[in-house]
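Q: Sharing a structure with you now.
The values are calculated or read from the model by the stated rules, or taken from the named source; none is laboratory data. These numbers come from a predicted model, not from an experiment. When we count neighbours, we look across all protein chains shown, and the Cβ atoms used for this are built from the backbone with ideal geometry, even at glycine. Accessible surface areas use protein heavy atoms only, side chains included; no ligands, DNA or RNA. Shrake-Rupley method; radii C 1.70, N 1.55, O 1.52, S 1.80 Å.
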Amino acid sequence: QVQLVESGGGLVQPGGSLRLSCAGSGFTFHYYAMAWFRQAPGKEREEVLCISNSDDSTAYADSVKGRFTISRDNAKRMVYLQMNALKAEDTAVYYCARIPSSICNGLGDYWGQGTQVTVSS
């Protein structure tokens, strides 16, 4: 059973930082690209960043370039999203997803439950 569990969300002030974590189990972790998506209230889910099984990262949301970084630790079966210089518009539920490929070329086939990030003063 594939399982993805996110953690690390919370309330943060504008300009602050958070690191989200995603723990993967039930599959051969290092074979797959992994991604972070987010969904704000009333908006469609959007892909934020993706990382291939060889640590090649791709940014899909222009608004996070230079502020967010995706990384992975295959030995720990973990994916991380480091978020810096947070803005109110970053407020969303953030989801970890497995990409059914070694490279970042599509939507996720398995998803975590999501973790809420709220950026507010």
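Q: Please list the non-local residues whose amide H lies under 5 Å from the amide H of Tyr110, H modeled 1.01 Å from N, same-chain partners needing a gap of 5 or more.
A: Arg98
Q: Determine the percent antiparallel among the DSSP beta bridges restricted to segment 5-121, to the nearest 5.
A: Once the DSSP bridges in segment 5-121 are tallied, antiparallel ones form about 90 percent.
Q: Name the residue from Phe27, Ser121, Ile70 whose Cα lies farthest towards the positive end of the charge dipole of the chain, charges +1 on Cβ of Lys and Arg and -1 on Cβ of Asp and Glu.
A: Looking along the dipole axis, the top candidate is Ser121.
Q: Now for a separate question. Across the Cα atoms of the chain, what radius of gyration and what greatest pairwise Cα-Cα distance (Dmax) are found, in Å?
A: Cα radius of gyration and Dmax of the chain are 13.3, 41 Å respectively.
Q: Compute the semi-axes of the equivalent ellipsoid of segment 64-121, taking the square root of 5 times each eigenvalue of the Cα gyration tensor, and list them largest first in whole Å.
A: 23, 14, 12
Q: Might you tell me the accessible area per residue for the chain, computed with a 1.4 Å probe and given in Å²?
A: Per-residue value: 50 Å².
Q: Could you give the spread of the C-alpha atoms of segment 1-71 along their three principal axes, from largest to smallest, in whole angstroms?
A: Taking the Cα atoms of segment 1-71, the three principal extents are 37, 24, 23 Å.
Q: If amide hydrogens are placed 1.01 Å from N in the peptide plane, which non-local residues have theirs closer than 5 Å to the one on Ser102?
A: Residues meeting the criterion, in which the H sits 1.01 Å from N, are Ala33.
Q: Specify the residue with the greatest mean-square fluctuation among Ala59, Ala33, Ala85, computed from a Gaussian network of the chain linking alpha-carbon atoms under 10 Å apart.
A: For the chain, modelled as a Gaussian network with Cα springs under 10 Å, the answer is Ala85.
Q: So, one more: Compute, for the chain, the length of the dipole vector about the Cα centre, with Cβ point charges of +1 (Lys, Arg) and -1 (Asp, Glu) only. Units Debye, rounded to 20.
A: 220 debye
Q: Next up: So, with a 1.4 angstrom probe, what is the percent of accessible area on the chain that is carbon and sulfur?
A: Summing carbon and sulfur atoms, their accessible area is 46 percent of the total for the chain.
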